Each structure stands twice: as C-alpha cells, then as structure tokens.
Amino acid sequence: MALIELEQVTQEYRLGPTRVLALDQVSLKIEKGEFVSVIGPSGSGKSTLMNVLGLLEVPNSGHYRLNGIDVTTLDDDEASMLRNQTIGFVFQSFHLLPRLSALRNVELPLIYSASHDKTWTRKAVSERAVHALERVGLSGRSHHRPNELSGGERQRVAIARALVNSPSLLLADEPTGNLDSKTGAEILTLFEELHHQGTTLLLVTHDAANAARAHRTLKFLDGHLAGDILRAAS
Ligand code: ADP
Ligand code: MG
C-alpha cells in the first residue's frame with residue numbers, strides 16, 4: 001500500500017469572477033521512505049498540493065488516501081488528529097511562536113497530543129522535544145527564543161517541531177527560500193539524513209540543485225503534473 005495516493009485531485013479557487021485551477025486532475029502515488037522534490041514556476045500549484053497532502057485543505061474533487069485512509073471522508077476534528085499524528089510541516093517563514101523558547105515551540109504538537117491522551121506526562125513531553133532538538137543539532141539552543149537564533153537555526157527548530165511526533169510524512173514548502181545558499185545547503189543535508197533514517201519527505205524548492213538531491217522530482221505546470229522524474233538512489 002502506498003503512503004500517499006492521489007486520484008484525479010482537483011482544487012479550484014474563485015476570486016470574484018475569475019476561476020483558478022490550482023490543481024488539475026492530479027494523480028500520483030508516493031511510497032513510504034521516498035524523498036521527492038516538487039518543482040514548477042510560481043503559481044503552478046505546489047503549495048496547494050502540499051496543503052492538500054498536509055490535510056490543511058480538502059480538494060474540490062478526487063480522492064486522497066493516506067496510509068489507505070480516504071481522508072476526504074474525515075470531519076475537521078478527525079483530520080486534525082490525523083494531521084497531528086501523521087504529518088510534519090515545514091514552511092519558508094518558519095512559523096515559530098516568537099515568545100516561546102525553541103524547546104517550547106517544539107513541544108507544541110505534543111501538547112496537542114497530550115490533550116487527547118492523558119497518559120502523556122509533562123516530563124515525557126519535554127524529553128521528546130529535547131530529543132527532537134538533538135536530532136537537528138540544536139540541543140545547545142533550546143532556551144533561546146526565535147529572535148535570538150539565526151535563520152538556519154530557526155528552520156532547524158521548525159524541523160524539530162515537525163519531527164517531534166515521529167510523522168509518517170514530512171512536508172517542506174520552500175524551506176530554504178529565506179536562507180542564504182550555504183545555510184540552505186546545510187538544511188538540505190539535514191533532510192537527507194532524515195531521509196536515510198526512514199522519513200518520507202516531500203520538498204518544494206525553486207533551486208534545481210536542491211531538487212536534484214531527491215531521488216524523484218515532480219514537476220508542476222498550471223496545476224497539472226507535467227513531469228515525474230526518477231533518479232538513481234543516493
Ligand atoms: P505555487 O506554490 O506553485 O506558487 P500555489 O499553489 O500557491 O502555487 O497557487 C496555485 C494557484 O492558485 C495560483 O494561481 C494562486 O494564485 C492560486 N491560489 C492559491 N491559493 C489561493 C487562495 N487561497 N485563493 C485564491 N487563489 C489561490
Ligand atoms: Mg508556493
């Protein structure tokens with residue numbers, strides 16, 4: 001069974017009289033353990049794809065099966081729960097809470113889990129978050145707030161937060177877009193390590209060199225899947 005299966009997924013937005021087909025009959029499968037990059041010009045539907053895959057948006061039509069579950073049948077609470085347990089999201093602009101330390105930011109998804117599962121203790125939450133910060137090489141920064149961290153460090157905190165629930169799927173939408181090229185390359189190296197440790201990874205990128213570090217590249221154009229390129233495993 002594929003981790004992700006999209007069947008003829010279509011997402012349309014209306015802006016006044018204008019209709020935009022952000023996703024146009026997209027069908028694809030992604031297996032557990034793949035590292036896939038997603039490229040295409042601005043406006044081609046990459047972020048819409050990530051939002052659909054990340055259960056942030058329900059498509060207008062088509063089917064999306066995640067681990068065999070047809071997610072279009074879930075209500076909002078069920079979708080939130082599944083998202084929290086299964087998906088980690090990393091964004092271009094980090095989306096960290098400015099008043100919280102790195103550690104507290106990373107704990108947030110666990111606080112949500114703990115509110116649904118009373119067997120979680122405060123100590124267990126904190127230990128998991130510490131471990132996630134270790135995985136991204138940031139243990140020494142756990143008590144710093146975002147504004148006391150460099151861009152690369154902030155993105156590492158965001159990646160730790162995305163990993164803290166051990167998600168089946170890590171979605172990263174232009175995660176190096178706000179970073180200089182050297183820091184971006186370091187973040188890519190971290191993604192490669194996570195992939196080698198078994199994480200399934202989808203990475204949207206503008207950078208051809210970054211895209212080529214994945215073993216498979218999906219190319220979007222005007223909302224449709226215009227290319228699906230496989231490379232030899234790295
Ligand atoms: P990309 O990430 O490849 O730049 P997007 O998925 O963000 O592309 O957008 C695809 C198309 O859908 C674009 O034309 C964009 O303007 C439109 N779009 C995206 N989100 C919305 C929205 N919430 N409302 C209206 N139009 C949207
Ligand atoms: Mg985008």
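The values are calculated or read from the model by the stated rules, or taken from the named source; none is laboratory data. Because the structure is predicted, anything quoted here is derived from the model rather than measured. Reconstructed Cβ throughout: ideal geometry from the backbone, glycine too, with neighbour counts over all protein chains shown. Accessible surface is based on the protein model in full, side chains and every heavy atom, while ligands, DNA and RNA are left aside. Shrake-Rupley method; radii C 1.70, N 1.55, O 1.52, S 1.80 Å.
Tabulated data for the structure shown
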item: Candidates Asn60, Asn67, filtered to the one that is open to solvent by 30 Å² or more (accessible area, probe 1.4 Å) and either within 11 Å of ligand 1 (Cβ to nearest atom) or closer than 13 Å to Gly223 by Cβ (or both); result: Asn60
item: Matching residues, the stretch 33-77, being in contact (Cβ under 8 Å) with a residue 24 or more places away in the chain, of a type outside the set (A, V, I, L, M) and in a strand (DSSP E or B); result: Phe35, Ser37, Ser61, Gly62, His63, Tyr64, Arg65
item: Cross-chain or 6+ apart pairs with Cβ under 7 Å, the stretch 16-32 first and more than 17 Å from Leu225 (Cβ to Cβ), then more than 10 Å from ligand 1 (Cβ to nearest atom) and not basic (Lys, Arg); result: Lys32/Leu3; Lys32/Thr200
item: Within the stretch 16-32, considering residues that are open to solvent by 20 Å² or more (accessible area, probe 1.4 Å) and part of a strand (DSSP E or B), the one farthest from ligand 2 (Cβ to nearest atom); result: Lys29
item: Matching residues, the stretch 199-233, being more than 23 Å from Ser61 (Cβ to Cβ), open to solvent by 40 Å² or more (accessible area, probe 1.4 Å) and basic (Lys, Arg); result: Arg213, Arg231
item: Among residues of the stretch 208-226, those that are within 14 Å of ligand 1 (Cβ to nearest atom) and more than 20 Å from Leu3 (Cα to Cα), counted; result: 7
item: Filtered residues of the stretch 122-155 (kept if open to solvent by less than 40 Å² (accessible area, probe 1.4 Å) and over 27 Å from Glu174 (Cβ atoms)); result: Ala124, Val125, Ser126
item: Any chance Arg104 is part of a helix (DSSP H, G or I) and not hydrophobic (A, V, I, L, M, F, W, C); result: yes
item: Residue ID - farthest from His195 (Cα to Cα), chosen from residues in the stretch 11-54 that are within 9 Å of ligand 1 (Cβ to nearest atom) and among the basic types (Lys, Arg); result: Arg14
item: Selection count, the stretch 78-93, where residues are β-branched (Val, Ile, Thr) and not in a strand (DSSP E or B); result: 1
item: Among (1) farther than 16 Å from Asp222 by Cα; (2) outside any loop (DSSP other than H, G, I, E, B) - the single one Leu97 does not satisfy; result: (2)
item: Flag if Ser42 is over 28 Å from Ala129 (Cα atoms), exposed (fewer than 15 other Cβ atoms within 10 Å of the Cβ) and over 19 Å from the mean Cα position of the chain (by Cα); result: no
item: Checklist (1) out of contact with any Pro (no Cβ under 8 Å at 6 or more places or on another chain); (2) not in a helix (DSSP H, G or I) applied to Asn165, failing item; result: (1)
